[in-house]
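Okay, here's the structure, questions in a sec.
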Amino acid sequence: MRVEAQQAVNNDVMRRRQEAIAHELDSIRKRQQQLETTNERLQDKAIDIRHSLNNDDLDLSDVQYQQLKLHANQDDFALKDFVAVCITTAFSFHMKFVQQSLSALC
C-alpha cells in the first residue's frame, strides 16, 4: 500500500509538471505568433517606406524647408519629410562650399 501511495504522489507531481510545461509552451507559441505578425507588419511598412522614398519627390521648396526646420521635434516628422530635410540641408551645405570656392577663384 505504501508503494502505491508513493506512486500516486509521483504521478500527481509529474502530471502537474507536464501541465506547467504545456502551459509554458502554449505561452511561447502565442508570443511567437505575435512576433511573426509584428514582423510581417514591419516588413510591409519598410517596403511601403522604400517605395515612398523612391517614388515621391524629395525636393523641398524654400518655404517647405523653412517650415520643417522650424518644427521643434524632428521625431514627429514623417520619414519622407525627415529624409527631405536631411538631403536639402546637406545639399545646401555643399552648394555654399562650392560657391565659396568659386568666389575664391574669381
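The values are calculated or read from the model by the stated rules, or taken from the named source; none is laboratory data. Note that this is a predicted model, so its numbers are computed, not measured. Neighbour counts are summed over all protein chains in view; Cβ atoms, including those assigned to glycine, are modelled from backbone coordinates with ideal geometry.
Which of the residues that make up segment 61-88 are over 25 Å from LYS45 (Cβ atoms) and part of a helix (DSSP H, G or I)? Steps first, please.
The first filter runs over segment 61-88 and keeps only residues over 25 Å from LYS45 (Cβ atoms), leaving 61-63, 65-67, 69-70, 72.
Of everything in segment 61-88, those that are over 25 Å from LYS45 (Cβ atoms) and part of a helix (DSSP H, G or I) turn out to be ASP62, VAL63, TYR65, GLN66, GLN67, LYS69, LEU70.
Identify the residue in segment 72-94 that is surrounded by 14 or more Cβ atoms within 10 Å (Cβ to Cβ) and among the hydrophobic types (A, V, I, L, M, F, W, C) and, among all such residues, is nearest to LEU58 (Cα to Cα).
Checking each candidate, the answer is ALA84.
OK, next. Here's a check for you: in segment 49-71, which residue that is modelled with pLDDT of 80 or more and aliphatic (A, V, I, L, M) is surrounded by the most Cβ atoms within 10 Å (Cβ to Cβ)?
LEU60
A follow-up question, please. If ILE49 meets every condition in (1) under 16 Å from the mean Cα position of the chain (by Cα); (2) not in a helix (DSSP H, G or I) apart from one, which number is that one?
(2)
Restricting to segment 50-71, what's the tally of residues that are farther than 15 Å from ILE87 by Cβ and not basic (Lys, Arg)?
Step one: of segment 50-71, the residues farther than 15 Å from ILE87 by Cβ are 50-51, 55, 63, 66-67, 70-71.
From what's left, not basic (Lys, Arg): 51, 55, 63, 66-67, 70-71.
Within segment 50-71, residues that are farther than 15 Å from ILE87 by Cβ and not basic (Lys, Arg) number 7.
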